[in-house]
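The next block holds one structure in the form of structure tokens; read it before the comments.
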Amino acid sequence: MGALHVVGEPRVSFQQPPAVAAAGKSGGHGAVVEEIHGLIRVYKDGHVERPPAIPDVPCTWGGTAPGAPGGVAARDVAVDRATGVWARLYAPVAGGGLPVVVYFHGGGFCVGSAAWSCYHEFLAQLAARAGCAVMSVDYRLAPEHRLPAAFDDGLAAVRWLRHQAQAAAAPDEVSWWRARCAFDRVFLMGDSAGANIAFHVAARLGQGHLGALSPLAVRGAVLVQPFFGGEVRTASERTMAQPPRSALTLPTSDTYWRLALPAGAGRDHPWCNPLSRAAPRLEALPLPPLLVCVSEADVLRDRNLELCRALRRAGKGVEQAVYGGVGHAFQVLHNCHLSQPRTQEMLAHIKAFVSAR
């Protein structure tokens, strides 16, 4: 296994870190009203704690990628200082004219970061193996910022990208990255909640929420284990047993939705269930071609497959790939002996999807 050398500058903090009380102590915030063990704790007064489940890493941190050519450069940039949204940019050191992937991390809309080591490693691999430039967006989290904040931040990221595409050739902090980008080949991508964001941002862009995108052109979207839900349970949600190290169980999923959706909304809200009666008809949604990546042992498996069927019935261009023997977020958590080979399969599928467009 060859080393993937990542070069860049130390991470710049664009957000004020939340105060975290000692584990298990309320710190005067009252009773804990919602909790996902090891990830998030919400108190009665609204105070939120997020234990450091996965380490943040600077953009100089290296990962591994079999046979990765050359290396990958990375840098953190501010996207919207008013909201604290920032992004980590990646690009292979060699080459140019690269398709651009705008990536949204997972975490149920409530946890996660573009600086998490697992995402840094996966996206450095994606940049190297798929031959693309990557913009990994660190968006605002719920419950402090409930939906549609993450969708709004996704649009802000695309607006920032459009500005880069229109920027003059004068050198600045991102000119090294901009020079490698083919802005007429943009792809939206995310895993889990990030795939939900990619889906809704794609729909909003198609509906003209940012006006004319030129010189940008969105060529497709890649939805990895997209995090959707509904009041009626699917067969995989009802019956699929999850191992202790699973990234997503049904109770965890329900907690994320209670924290992320507008207060009082149920799981048939259109932002959770795009197939509900309250959601816009898929036939009317202007969506780009889609690649949907499904994990065989994921509680979301059947919901993901039903989304693919519904999109095809609506006349949308959909490719799907199912990864056998692995669960939710296997490609970043590596929590199964099959994770590495299945991750390489996924990277190959993404590369083929992007290269065809």
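Restrict the check to segment 184-191 and report whether at least one residue is within 22 Å of the chain's Cα centre (by Cα), assigned to a loop (DSSP other than H, G, I, E, B) and surrounded by 15 or more Cβ atoms within 10 Å (Cβ to Cβ). Even if it seems obvious, please write down each step before you answer.
From segment 184-191, those within 22 Å of the chain's Cα centre (by Cα) are 184-191; that's our starting set.
Imposing the further condition that a residue be assigned to a loop (DSSP other than H, G, I, E, B) reduces the set to none.
Taking every residue of segment 184-191 in turn, none turns out to be within 22 Å of the chain's Cα centre (by Cα), assigned to a loop (DSSP other than H, G, I, E, B) and surrounded by 15 or more Cβ atoms within 10 Å (Cβ to Cβ).
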Picked from segment 43-67 (must be open to solvent by less than 20 Å² (accessible area, probe 1.4 Å) and touching a Leu at 6+ places or on another chain (Cβ under 7 Å)), the residue modelled with the lowest pLDDT is A65
- Item | Verdict on E231 being surrounded by fewer than 21 Cβ atoms within 10 Å (Cβ to Cβ), in contact with a Leu (Cβ under 7 Å, 6 or more places away or on another chain), acidic (D, E) and under 20 Å from E306 (Cβ atoms) | no
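In this structure, does C308 turn out to be within 30 Å of R185 (Cα to Cα), in contact with a Leu (Cβ under 9 Å, 6 or more places away or on another chain), in a loop (DSSP other than H, G, I, E, B) and of a type outside the set (D, E)? Break it down stepwise before answering.
Values: within 30 Å of R185 (Cα to Cα): yes; in contact with a Leu (Cβ under 9 Å, 6 or more places away or on another chain): yes; in a loop (DSSP other than H, G, I, E, B): no; of a type outside the set (D, E): yes.
No, not satisfied.
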ask   = Looking at segment 148-156, is at least one residue open to solvent by 10 Å² or more (accessible area, probe 1.4 Å), in a loop (DSSP other than H, G, I, E, B) and either over 18 Å from R204 (Cα atoms) or of a type in the set (S, T, Y) (or both)?
value = no
Residue set H328, H349, H337; condition surrounded by fewer than 21 Cβ atoms within 10 Å (Cβ to Cβ), assigned to a loop (DSSP other than H, G, I, E, B) and either at positive phi or not aliphatic (A, V, I, L, M) (or both); output residue H337
The number of residues in segment 197-224 that are more than 16 Å from V318 (Cβ to Cβ) and either of a type in the set (D, E) or part of a helix (DSSP H, G or I) (or both) is 5
For R357, the lone unmet condition from (1) closer than 21 Å to H120 by Cβ; (2) assigned to a loop (DSSP other than H, G, I, E, B); (3) touching a residue at least 40 places away in the same chain (Cβ under 8 Å) is (1)
Scanning segment 77-102 for residues that are charged (D, E, K, R) and either open to solvent by 20 Å² or more (accessible area, probe 1.4 Å) or outside any strand (DSSP E or B) (or both) gives D80, R81
Residue set R159, R180; condition on the phi < 0 side of the Ramachandran plot, in contact with a Gly (Cβ under 6 Å, 6 or more places away or on another chain) and not acidic (D, E); output residue R180
- Task: Would you be able to say whether some residue in segment 135-147 is at pLDDT 95 or above, open to solvent by 20 Å² or more (accessible area, probe 1.4 Å) and either part of a helix (DSSP H, G or I) or on the phi > 0 side of the Ramachandran plot (or both)?
- Result: no
Consider S175 carefully, then state whether it is more than 24 Å from the chain's Cα centre (by Cα) and either without any contact (Cβ under 8 Å) to a residue 40 or more places away in the chain or surrounded by 14 or more Cβ atoms within 10 Å (Cβ to Cβ) (or both).
yes
Of the residues in segment 281-310, those that are over 27 Å from G327 (Cβ atoms), touching a residue at least 40 places away in the same chain (Cβ under 8 Å) and either surrounded by fewer than 19 Cβ atoms within 10 Å (Cβ to Cβ) or over 19 Å from the mean Cα position of the chain (by Cα) (or both) come to L285, P286
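The values are calculated or read from the model by the stated rules, or taken from the named source; none is laboratory data. Treat the numbers as computed from the prediction; the structure is a model and nothing was measured. Using ideal geometry, Cβ is built from the backbone for each residue, glycine included, and neighbour counts are taken over all protein chains shown. What goes into the accessible areas is simple: the full protein's heavy atoms, side chains included, and nothing from ligands, DNA or RNA. Shrake-Rupley method; radii C 1.70, N 1.55, O 1.52, S 1.80 Å.
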